[in-house]
Amino acid sequence: MSSRAAHAVAHLTAGQARRLLLHAQALTVDPRGPAHAAAINQLIERMGFVQVDSINVVERAHHLILASRLDGYRRETLAHLLEQERSLFEHWTHDASVIPTKWFAQWRPRFERYRRRDPEHPWWKARMGPDPPSVLAEVLERVERGGAIMSRDFEKPRTDPSGITDKWWQWKPHKCALEHLWRCGDLAVARRVNFQKVYDLTSRVLPEHCARPAPAPPEHIDWACRSALDRLGVATPREIARFWHAVDLADIRTWCDAALTRGEVETVEVRPADGGEPWRALAPADWPQRLAKAPAAPRRARILSPFDPIVRDRSRALRLFDFDFRFEAFVPAPRRRFGYYVMPVLDGDRLVARIDPKFDRDRGVLKVRCLWWEAGMRLSDALESRVQAAVARLARFIGAETWTIGRSRINRGGRAHQGG
């Protein structure tokens with residue numbers, strides 16, 4: 001082990017770890033900066049990826065994530081990068097995401113993993129029908145011959161002897177085939193229409209990148225670990241593994257041990273935001289220099305997507321921000337504590353509140369049905385004004401003509417109670 005790796009363990013406060021994370025995830029930069037195509041490209045590369053999600057209570061997740069970092073962000077700019085410039089592509093990380101195309105070759109190991117594992121998974125077996133190879137061959141031949149296609153193009157109404165028309169009889173196997181071929185890298189998302197994927201051959205969508213070979217396993221593991229740690233600031237091996245969901249935890253641990261020996265990373269202890277027992281993690285060896293260069297987060301409030309990378313890992317958000325956040329859309333309504341689509345509120349470097357919003361598109365009104373302040377927050381006119389300004393920015397971005405904030409409550413001990 002190198003002399004650097006043998007040094008005493010460094011101690012970081014939650015505030016220092018937060019600053020490293022927020023800076024890596026572009027939440028310490030001035031959001032009033034340029035938002036042209038090159039800036040959006042740079043932003044997504046800095047963050048690593050942006051999650052895509054279909055829920056549209058307020059706006060799609062990827063748009064909310066980018067708009068919280070750049071006031072001038074426009075949806076059409078992202079569409080241009082994905083569909084025209086092709087500097088970004090869609091595929092999986094921990095979930096469906098927008099990813100810089102420069103890393104396309106790093107997805108080849110994932111493609112092959114899905115190619116091996118999907119056909120044996122019960123979920124796929126139940127939906128692909130009795131002859132998956134024939135369905136896959138039919139779908140691939142259809143795209144090769146006819147060009148870009150959507151799953152709805154395989155819907156063929158059929159009338160059974162009783163006279164009942166069943167337009168869905170062929171949908172499930174062919175839809176699953178399209179998804180499998182996309183997961184395996186044979187197809188790519190060429191564009192979206194009303195958020196529905198339009199698939200085409202990857203060799204037509206990304207011809208240059210499609211021709212590049214897969215990295216050797218050691219190179220791929222090294223890329224996955226370094227790039228994840230760079231974008232987390234401080235992380236455990238498990239958190240590094242969860243960032244891309246690209247490499248097994250055992251390989252991550254082996255890389256971490258080797259990087260420690262080489263002096264490229266250091267072991268640190270971070271005291272959580274609630275003052276509890278510190279936990280051990282890893283940081284790049286130059287973390288003091290990174291910390292010194294990271295500016296304080298601007299003193300402004302931002303409404304975050306529930307899929308924002310700083311709250312996606314619930315245990316990490318709890319340790320660093322003392323903020324217990326759970327996405328409750330899939331929780332039965334009687335068991336929800338806050339709401340179906342609750343959005344965290346970041347003020348500076350602290351998560352200070354959460355809102356329960358609903359966009360009434362027919363009336364053009366963004367309704368914040370409830371605003372919960374975190375327990376122990378020192379409420380002030382200035383803080384409330386910053387949060388109101390953040391709601392107003394969100395309303396403008398989604399095209400709401402007006403906005404309202406309903407009840408204001410204080411979250412005490414994980415339960416919502418009426419504030420004074």
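The values are calculated or read from the model by the stated rules, or taken from the named source; none is laboratory data. Please read all numbers here as calculations on a predicted model, not as lab measurements. Note that each Cβ is placed from the backbone with ideal geometry, even for glycine, and that neighbours are counted across all protein chains shown. These area figures cover heavy atoms from the full protein model, side chains too; ligands, DNA and RNA do not enter into them. Shrake-Rupley method; radii C 1.70, N 1.55, O 1.52, S 1.80 Å.
Got a sec? Which of Ala382, Ala395 is more than 28 Å from the chain's Cα centre (by Cα) and either of a type in the set (Gly, Ala, Ser) or within 24 Å of Arg69 (Cβ to Cβ) (or both)?
That would be Ala382, the only listed residue that is more than 28 Å from the chain's Cα centre (by Cα) and either of a type in the set (Gly, Ala, Ser) or within 24 Å of Arg69 (Cβ to Cβ) (or both).
Matching residues to (1) farther than 12 Å from Thr28 by Cβ; (2) open to solvent by 30 Å² or more (accessible area, probe 1.4 Å):
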residue: Glu277; (1), (2): yes, yes
residue: Ala285; (1), (2): yes, no
residue: Ala292; (1), (2): yes, yes
residue: Pro298; (1), (2): no, yes
residue: Leu304; (1), (2): yes, no
residue: Asp308; (1), (2): yes, no
residue: Arg312; (1), (2): yes, yes
residue: Ser315; (1), (2): yes, yes
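When segment 203-258 is examined, which residues are found to be more than 17 Å from Trp107 (Cβ to Cβ), among the aliphatic types (A, V, I, L, M) and under 24 Å from the mean Cα position of the chain (by Cα)?
Within segment 203-258, Leu229, Leu232, Val234, Ala235, Ile240, Leu249, Ala250, Ile252 qualify.
For segment 274-309, what are the residues that are touching a Leu at 6+ places or on another chain (Cβ under 6 Å) and part of a loop (DSSP other than H, G, I, E, B)?
Matches in segment 274-309: Ala297, Leu304, Ser305.
Kindly indicate whether any position in segment 365-385 is farther than 30 Å from Gln16 by Cα, of a type in the set (Gly, Ala, Ser) and open to solvent by less than 60 Å² (accessible area, probe 1.4 Å).
There is no residue in segment 365-385 that is farther than 30 Å from Gln16 by Cα, of a type in the set (Gly, Ala, Ser) and open to solvent by less than 60 Å² (accessible area, probe 1.4 Å).
List pairs: first residue in segment 193-220 and within 29 Å of Phe154 (Cα to Cα), second residue open to solvent by 60 Å² or more (accessible area, probe 1.4 Å) and modelled with pLDDT under 95 anywhere in the structure, Cβ distance under 9 angstrom, at least six positions apart or on different chains.
Hits for this filter: Phe195/Ser54; Gln196/Arg152; Ser203/Ala211.
For segment 148-167, indicate whether the set of residues that are open to solvent by 40 Å² or more (accessible area, probe 1.4 Å), under 24 Å from Arg204 (Cα atoms) and modelled with pLDDT of 95 or more is non-empty.
Looking through segment 148-167, at least one residue is open to solvent by 40 Å² or more (accessible area, probe 1.4 Å), under 24 Å from Arg204 (Cα atoms) and modelled with pLDDT of 95 or more.
Just give me the residues in segment 325-344 being without any contact (Cβ under 8 Å) to a residue 24 or more places away in the chain, within 15 Å of Ser305 (Cα to Cα) and open to solvent by 60 Å² or more (accessible area, probe 1.4 Å), in sequence order.
The one that is without any contact (Cβ under 8 Å) to a residue 24 or more places away in the chain, within 15 Å of Ser305 (Cα to Cα) and open to solvent by 60 Å² or more (accessible area, probe 1.4 Å): Arg326.
Is it the case that Ala246 is open to solvent by 10 Å² or more (accessible area, probe 1.4 Å), touching a Gly at 6+ places or on another chain (Cβ under 7 Å) and part of a loop (DSSP other than H, G, I, E, B)?
no
Take the conditions outside any loop (DSSP other than H, G, I, E, B), farther than 22 Å from Gly48 by Cβ, open to solvent by less than 20 Å² (accessible area, probe 1.4 Å) and at pLDDT 95 or above and apply them to Val268. Does it pass? Outline the logic, then answer.
Working: outside any loop (DSSP other than H, G, I, E, B): yes; farther than 22 Å from Gly48 by Cβ: no; open to solvent by less than 20 Å² (accessible area, probe 1.4 Å): yes; at pLDDT 95 or above: yes.
No: the conditions fail for Val268.
Can you pull out the residues in segment 194-234 that are touching a Pro at 6+ places or on another chain (Cβ under 8 Å), part of a helix (DSSP H, G or I) and of a type in the set (Gly, Ala, Ser)?
none
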